[in-house]
Amino acid sequence: MTPDVLYLRASGTSLVLELADDLLPVVRHWGSDLGDLTDEDLAALGTAARVAFFDSPFDVADQVTVLPEHARAWIGRPGVEGSREGRDWSPAFRTSGPATTSTEPDGTQRVVVRGADATAYLEVVLELELHPGGLLRVRSTLTNTGHDTYTLGAVRHVLPVPEVAGELLDFTGRHTYERVPQRQPFSAGVHSREVRTGRTGLDAVHLLCAGEPGFGFRHGQVWAVHLGWSGNQQAYAERLHNGARVLGAGEALEHGELRLAHGESCTTPWLYAAHGTGLDEVTARFHAFSRSRPHAPSRPRPVTLNTWEAVYFDQSLERLTALADAGAAVGTERFVLDDGWFGGRCDDTTSLGDWTVSPDVWPDGLQPLIDHVHGLGMEFGLWVEPEMVSIDSDLARAHPEWIFAAGGRRGLESRQQHVLDLGHPGAYAHVRDQLVRLLQTYDIAYLKWDHNRYLNDAGHTPGGEAGVRAHTLAAYRLMDELIAARPGLEIESCAGGGGRVDLGVMERCVRVWASDCIDPLERQQIQRWTFALLPPGWVGTHVGSPRAHTTGRRHDLSFRGETAIWGHLGIEWDLTRATPEELAELGEWVAFHKAHRDLLHEGVVVNADHPDEAVWVHGVVAVDGAEALYSVTSLGRPVTTGPGRVRLPGLDPTRRYRASVPTPGTELRREGRGVVPWTREGVVTTGRVLAEVGLPMIPLLPEHSHLIHLEEVR
Ligand code: GLA
């Protein structure tokens, strides 16, 4: 192989890196698999393929390193922004020695490149990994070797995408309405999405995708990036007049937030990247990565009963044991006591930071409730919000200096709370010790870790220096310490719903709370796009009460159940008020979920590009291709009488499958089956026919779904 070119391949993705002229790596290709290539072929992609320029190196875009540099003719956003009191602001790294390549036991291919700028006194260690499922990730560690402090403004990595990537897709949202997609042309300039609220964001960019115009789930090449970081961040798509197109991301730093003294280093978050033909392939790469992590759950995800929308702050042993009884009767396996159990917390004005059991609400502590829950065969879980503090709390009274405050002011209160600066060692130790004591006192298998206020004006007292980065790293450390203190502890990442959904926090969490909105109509969209990044078993999906608390809409239990079964199933509904019929039907949904949860949680997620936007078709196909479950959902009213023929993607084209329509729940779901004979009698056909021709579907009421189950016929 040509020494200057590295060729990495995994599961249909190829990465060609050029390491010529002592430069940091230049990506010559990141995309579809290029097959077997000789040294000559690789040379043709590399040095030999360089574009000639007439009189200006800035007019060609073939020198874009992963950490782009002005010094190498990059005229867009630089990879490293920073200076030593105004000097050394345009570093130009030369590699020091050849790249180190290795293959990890799990098949991950690693490339490590070391570089230094002898004038700016900076060193960099750049790590690139191509994981077996085709997910690429990149990060850098920078070291200040100079005597004076080096202040960093940004460290961003970029990956080039080709000219065919003419359309962008990213996401926005708000409380109870997360992951709303937005599309636009990849036009000249910078499309930049920034988060400065100290957490990933209800409006998180989530995935920033560039693809062939009109790309869908199953067609069109698409390239996507995601930053594995839960603090301030920036993701952007940049297109220059010289033809360069890149997708990039990095941490967003406030002024003076990251200062490296002599010999100090910092490591960036990982930038994750996936290419695919259609979004489903991109998703499969992200899912393969998450499922391969050492902490990925290996046991079935326990069906959860969460108390929040059932009782809110109205907690009592009597009320909650009755709720637990009702939950156990329908098949729940984990009971999560939400907000309201600690300090003097009777509403949301008080007690955050006092992580001791409320003597008023729980005079005998939590043990009687935990015993009851265990007696029903359920695990016990607890809600906490360790990064927050109420002004009305023992913690705030004793240590006001641990509350974030910039410029001598505490900043605005939000939900009557402030943020505890975990960058203060005392604050960190206080919260850790209280939580460890809880974990030692009680058998708590699970923490729902919430985060409800922005980290704006997040200054570290007394000086007021920006503290989001230190806080974010401390929050990660705290989670790691708690997991070490209580082996087997599972943590859910929640931030006012789905405000902290990223692969940084998911290095220690195993579930996200996708949204405070459990209206199934909204949930269809929220889950579709949360699943685009995380495997369904990592996403909390609950059945709520008949009238959704956040939207006021009413839905049949069939639609609530059908929507919730796809993820980590839970129930968030005061079951003590449900009718016997509702409880019986709910029990059917829970049983159905349990019977299929291996498939639901471990299968390959597929979405059809159905022509009518009112009809959504998604599913999971077993990894061995022998089974699949699909859902056909009518979000609105289709313009045609029925949804027509529905194509079912992702099956093995050569195998034969028997299709049936499972009907957990009410008779209503059976309506209309007579219209389409196969739904009564079943049908056997090939995966190719199902994907290319499809099956005629039962007319659907708006805001209802049907399931289709496929089983291989041998
Ligand atoms: C946030 C969470 C909810 C619930 C409440 C409790 O809003 O997203 O699920 O835990 O806090 O205060």
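Structure notes:
- Qualifying position, being within 25 Å of the chain's Cα centre (by Cα), touching a residue at least 60 places away in the same chain (Cβ under 8 Å) and within 16 Å of the ligand (Cβ to nearest atom), among Leu447, Leu478: Leu447
- Any chance Gly423 is within 16 Å of the ligand (Cβ to nearest atom), modelled with pLDDT of 95 or more, within 30 Å of Gly256 (Cα to Cα) and touching a helix residue (DSSP H, G or I) at 6+ places or on another chain (Cβ under 6 Å): no
- Residue in the stretch 345-362 that is within 15 Å of the ligand (Cβ to nearest atom), open to solvent by less than 10 Å² (accessible area, probe 1.4 Å), closer than 23 Å to Ala584 by Cα and modelled with pLDDT of 95 or more present: no
- Among the residues examined, Thr172 qualifies as β-branched (Val, Ile, Thr) and more than 15 Å from Val66 (Cβ to Cβ).
- Residue that is surrounded by the most Cβ atoms within 10 Å (Cβ to Cβ), among those in the stretch 396-416 that are under 30 Å from the mean Cα position of the chain (by Cα) and part of a loop (DSSP other than H, G, I, E, B): Phe404
- Strands (runs of 3 or more DSSP E) fully within the stretch 142-192 counting 3 or more residues that are of a type in the set (A, V, I, L, M) and in contact with a strand residue (DSSP E or B) (Cβ under 9 Å, 6 or more places away or on another chain): 150-160
- For the stretch 177-197, a residue qualifies if it is under 16 Å from the mean Cα position of the chain (by Cα) and within 30 Å of Ala405 (Cβ to Cβ), and the qualifying residues are Glu178, Val195.
- Options Gly201, Gly216; residue that is in a loop (DSSP other than H, G, I, E, B), over 16 Å from the mean Cα position of the chain (by Cα), modelled with pLDDT of 95 or more and among the small types (Gly, Ala, Ser): Gly216
- The one condition from (1) more than 16 Å from the ligand (Cβ to nearest atom); (2) more than 26 Å from Leu142 (Cβ to Cβ); (3) surrounded by fewer than 23 Cβ atoms within 10 Å (Cβ to Cβ) that Ser265 does not meet is (2).
- Number of positions in the stretch 592-643 that are under 18 Å from Trp538 (Cβ atoms), touching a helix residue (DSSP H, G or I) at 6+ places or on another chain (Cβ under 9 Å) and of a type in the set (D, E, K, R): 2
- So Leu382, is it hydrophobic (A, V, I, L, M, F, W, C) and within 15 Å of the ligand (Cβ to nearest atom): yes
- Residue check for Val336: among the hydrophobic types (A, V, I, L, M, F, W, C) and within 30 Å of Glu581 (Cα to Cα): yes
- Taking the listed residues Ala244, Ala210, the one that is at pLDDT below 95, crowded, with 20+ Cβ neighbours inside 10 Å and not β-branched (Val, Ile, Thr) is Ala244, with no other qualifying.
- Residue match in the stretch 376-395 (condition: polar (S, T, N, Q), modelled with pLDDT of 95 or more and either in contact with a Cys (Cβ under 6 Å, 6 or more places away or on another chain) or open to solvent by 10 Å² or more (accessible area, probe 1.4 Å) (or both)): no
- On inspection, Gly153 passes the criterion of being small (Gly, Ala, Ser) and either in contact with a Gly (Cβ under 6 Å, 6 or more places away or on another chain) or under 20 Å from Ala235 (Cα atoms) (or both).
The values are calculated or read from the model by the stated rules, or taken from the named source; none is laboratory data. Because the structure is predicted, anything quoted here is derived from the model rather than measured. Backbone-built Cβ (ideal geometry, glycine too); neighbour counts: all protein chains shown. Keep in mind that these areas ignore ligands, DNA and RNA; they rest on the heavy atoms of the full protein, side chains included. Shrake-Rupley method; radii C 1.70, N 1.55, O 1.52, S 1.80 Å.
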